[in-house]
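Here is the structure we will look at.
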Amino acid sequence: MEKGQLLDSINKKWFTECKCQLKKTATRPVPGAGNPSAEIVFIGEAPGKSEDEQGIPFVGAAGKFLNEMLGAIGMKREDIYITNVVKYRPPNNRDPLPEEITACADWLHEELACIAPKLIVFLGRHAMNHFFLTEKISIIHGKLLKKKITGMPTPYFLALYHPAAALYNGSMRETLLDDFKKIPRFLEKIKGEFKNDI
Ligand code: URA
């Protein structure tokens, strides 16, 4: 089965099997979207209002800012894959609870195993803390992280500030843009290392 079909079947399975309590209040699930063969997967927090309405991740203000940043490094949404740690909108866009992240975790891990990206980029601390429990985003943002995590297709991770948090905060916005622009260089480095491993 090719990756796109496999992803469709993973999403279909979790639409019914996911035990997340947010199902009760959200309009619909918001699965990941983009290129199933992407070298980079971005992981956000949870769907917001626009995403809950449309069933597509990052289509609101944060998504527009993300598209701009992708453009700044010569990439388009079709080049990447984007998903969230939590697949249902939390009421009033509150932070997702640990049990909601846990309930959606196997869904996320199956997506990642299927796509097998070379680099996983966290958008915000909720995505980062799922994989790096004790780290602080204010300290590790913009640094290429290498850690072997069981079940993960790549040991390479990058934590960025969340575009929604940075959108209206001048200095955080500058930092996010600077960190984002490092992505092509990091990807080249990773590809070089993957080649050496063969
Ligand atoms: N913020 C997120 O973290 N995810 C989305 O899909 C939209 C906004």
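The values are calculated or read from the model by the stated rules, or taken from the named source; none is laboratory data. It should be emphasised that the depicted structure is a prediction, and the values quoted were computed from it without experimental measurement. Quick reminder, even Gly has a Cβ in these numbers, built from the backbone with ideal geometry, and neighbours come from all protein chains shown. For accessibility, only protein heavy atoms count, side chains too; no ligands or nucleic acids. Shrake-Rupley method; radii C 1.70, N 1.55, O 1.52, S 1.80 Å.
What separates the Cα centres of region 86-101 and region 129-198 is a distance of 22 Å.
On full extension, the segment bounded by residue 147 and residue 177 gains 8.4 nm, given 0.36 nm per residue less the C-alpha separation. The mean accessible area for residues of region 3-191, using a 1.4 Å probe and ignoring ligands and nucleic acids, is 47 Å² per residue.
Semi-axes of the chain's equivalent ellipsoid from the Cα gyration tensor, sqrt of 5 times each eigenvalue, largest first, rounded to whole Å?
24, 21, 16
Compare 177, 112, 145 in a GNM of the chain, Cα atoms joined below 10 Å, and give the one with the largest fluctuation. Highest fluctuation among the options: 145.
Karplus-based coupling profile of region 44-49, in residue order and whole Hz: x, 8, 7, x, x, 4, with θ = phi - 60° in 6.51 cos²θ - 1.76 cosθ + 1.60 and x standing for Gly or Pro.
From the square roots a ≥ b ≥ c of the eigenvalues of the alpha-carbon gyration tensor of region 1-46, which class results: rounded (a/c under 1.5), prolate (a/b over b/c), or oblate?
Judged from the Cα gyration tensor, region 1-46 comes out oblate (a/c at least 1.5, b/c at or above a/b).
Placing unit charges on C-beta atoms (Lys and Arg positive, Asp and Glu negative, everything else neutral), compute the dipole magnitude of region 3-191 about its Cα centre in debye, rounded to 20. Present the calculation step by step, with values, prior to reporting the outcome.
On the way: 27 positive and 21 negative charges, 57 e Å.
Result for region 3-191 is approximately 280 debye, rounded to the nearest 20.
Taking the Kirkwood radius as Rh and the Cα radius of gyration as Rg, region 138-198 has a ratio of Rg/Rh equal to 1.06.
Counting only protein heavy atoms and a probe of 1.4 Å, the accessible surface of the chain is 53% carbon and sulfur. GNM remark for the chain: springs join alpha carbons under 10 Å apart, and the peak mean-square fluctuation among 139, 115, 183 falls on 139.
Applying both filters, DSSP loop and at most 16 other Cβ atoms within 10 Å, to the trypsin sites (Lys or Arg not before Pro) of region 1-52 gives 19.
Each of 140, 70, 166 was scored by the projection of its Cα onto the charge dipole of the chain, and the greatest displacement toward the positive side belongs to 140; charges sit on the C-beta of Lys, Arg, Asp and Glu. Between residue 89 and 27, 28, the built amide H atoms are under 5 Å apart, and every one of these is 5 or more places off in sequence or on another chain. Under the simplified labelling scheme, the residue 195-residue 27 pair shows an inter-label distance of 4.7 nm, with each label point 7 Å from Cα along Cα→Cβ.
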